[in-house]
1. For the stretch 33-56, check the following and say yes or no: at least one residue is charged (D, E, K, R), outside the structural domain of Ala277 (by TED's automatic domain parsing), modelled with pLDDT under 85 and farther than 27 Å from Leu184 by Cα.
2. Give the residue, chosen from Thr129, Thr68, that is hydroxyl-bearing (Ser, Thr, Tyr) and without any contact (Cβ under 8 Å) to a residue 24 or more places away in the chain.
3. What strands (runs of 3 or more DSSP E) lie completely within the stretch 1-74 and have 2 or more residues being out of contact with any Phe, Trp or Tyr (no Cβ under 9 Å at 6 or more places or on another chain) and closer than 29 Å to Met272 by Cβ?
4. I need the strands (runs of 3 or more DSSP E) fully contained in the stretch 79-166, keeping only those with at least 1 residues that are more than 21 Å from Ile29 (Cα to Cα).
5. Looking at the stretch 174-192, which of its residues are surrounded by 15 or more Cβ atoms within 10 Å (Cβ to Cβ) and in contact with a strand residue (DSSP E or B) (Cβ under 8 Å, 6 or more places away or on another chain)?
6. Inspect the stretch 63-79 for any residue being more than 20 Å from the chain's Cα centre (by Cα) and either in the same structural domain as Ala33 (by TED's automatic domain parsing) or basic (Lys, Arg) (or both) and give the result as yes or no.
7. For the stretch 239-265, name all the residues that are over 19 Å from Glu139 (Cβ atoms) and in contact (Cβ under 8 Å) with a residue 40 or more places away in the chain.
Amino acid sequence: MITYLESLNPAQQTGVLDLISAATDQDGIPPIAEHVVLHLRHGGDKDDRHIVVEKDGAIIGYAHLDLTDTVAGASAELVVHPQHRTGGLGRALLSEIYRIAPHSRLWSHGDLKSAQKLATENGFQRTRTVIQMRRSLSEHLPEISIEMTLRSFLPGLDDESWVALNNRVFRDHPEQGNWTLANLRHRMQEKWFDPQGFLLTTDHEKLISFCWTKIHGGHSHSHDEEETHDHDPIGELYAMGVDPDFVHKGLGRAITLAGLAHLRRQGLLSAMLYVDAENFAAIALYKNLGFSEWGRDVMYRKLTN
């Protein structure tokens, strides 16, 4: 039986977590993103949706839908219990995902052969590979070697200038290259948004680079004023960019270091970021700054009807 739910009750929550654990033991990698699993332990977020497959009282299939991003489309992940992977449950979950959110992005963690097979057989194409990289913040951070005017984002004053810069920086990016003020302001309303961690550099008052940081866990990522996650917070370099007219001047390295220094000042012990696998220049920079690969996520889209 397949059920579509806006929230999970405690028994369903436990069943889904047990299913994820069984799949992780079998595959060697979690099938559902870490932050989603952490949310599940608290019952999910308001924009989460759940598709559950049950048999004989046990949950044997699960899909998570994140409806937050109305621009790029819903984000979906799914898992089938290792003992029930030859009965078409993966295909059934895919059909239900696309019935609910027809333009979903489907994420596969770890780039497993089984996920590749399921995607190919059901008309999906790989459209993006994203590498997660991490580094310790307790280790040495290089000094910023160039002078620059650094300040924090000013809500209401920098909005339009930043959107224009973002779209110049990411003009060829499939998701981030066509932002509107609404896209920015939607994120500014999130609890995790902190303008002090949204760092900008300027040249004669013109914005030329940025490093937007985000904190997962701790006070900035609680579900209400009293509840916090049961994991150590980690800082993320959420978005970084340099005006195309100012590249090759060391600003990318400098603004990245500024972001890491800010996260360290918040008392965080580690930092993470996501980078497209084809962005070789950025990967080389991050490795030079002490980051190493943590994992890979592959995004699929259904490009055929």
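1. Within the stretch 33-56, one or more residues are charged (D, E, K, R), outside the structural domain of Ala277 (by TED's automatic domain parsing), modelled with pLDDT under 85 and farther than 27 Å from Leu184 by Cα.
2. Working: Thr129 fails: without any contact (Cβ under 8 Å) to a residue 24 or more places away in the chain.
Going through Thr129, Thr68 in turn, the sole match is Thr68.
3. On the way: elements: 2-5, 48-55, 58-66.
Answer list for the stretch 1-74: 58-66.
4. Working: elements: 105-109, 124-136, 149-152.
Because the criterion is at least 1 residues that are more than 21 Å from Ile29 (Cα to Cα), the strands (runs of 3 or more DSSP E) in the stretch 79-166 that meet it are 124-136, 149-152.
5. Gln176, Trp192
6. As a first pass, look at the stretch 63-79 and keep what is more than 20 Å from the chain's Cα centre (by Cα): none.
So far as the stretch 63-79 goes, no, none of its residues is more than 20 Å from the chain's Cα centre (by Cα) and either in the same structural domain as Ala33 (by TED's automatic domain parsing) or basic (Lys, Arg) (or both).
7. Matches in the stretch 239-265: Ala239, Gly241, Val242, Asp243, Pro244, Phe246, Lys249, Gly250, Leu251, Gly252, Ile255.
Every residue, every condition in (1) touching a His at 6+ places or on another chain (Cβ under 9 Å); (2) buried (at least 18 other Cβ atoms within 10 Å of the Cβ), yes or no:
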{"residue": "Leu5", "(1), (2)": "yes, no"}
{"residue": "Leu8", "(1), (2)": "yes, yes"}
{"residue": "Asp25", "(1), (2)": "no, no"}
{"residue": "Val37", "(1), (2)": "no, yes"}
{"residue": "Leu40", "(1), (2)": "yes, yes"}
{"residue": "Val53", "(1), (2)": "yes, yes"}
{"residue": "Ile60", "(1), (2)": "yes, yes"}
{"residue": "Leu67", "(1), (2)": "no, no"}
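The values are calculated or read from the model by the stated rules, or taken from the named source; none is laboratory data. On a predicted model such as this, the values are computed, not experimentally measured, just so you know. Every residue, glycine as well, gets a Cβ built from its backbone with ideal geometry; the counts of neighbours run over all protein chains shown.
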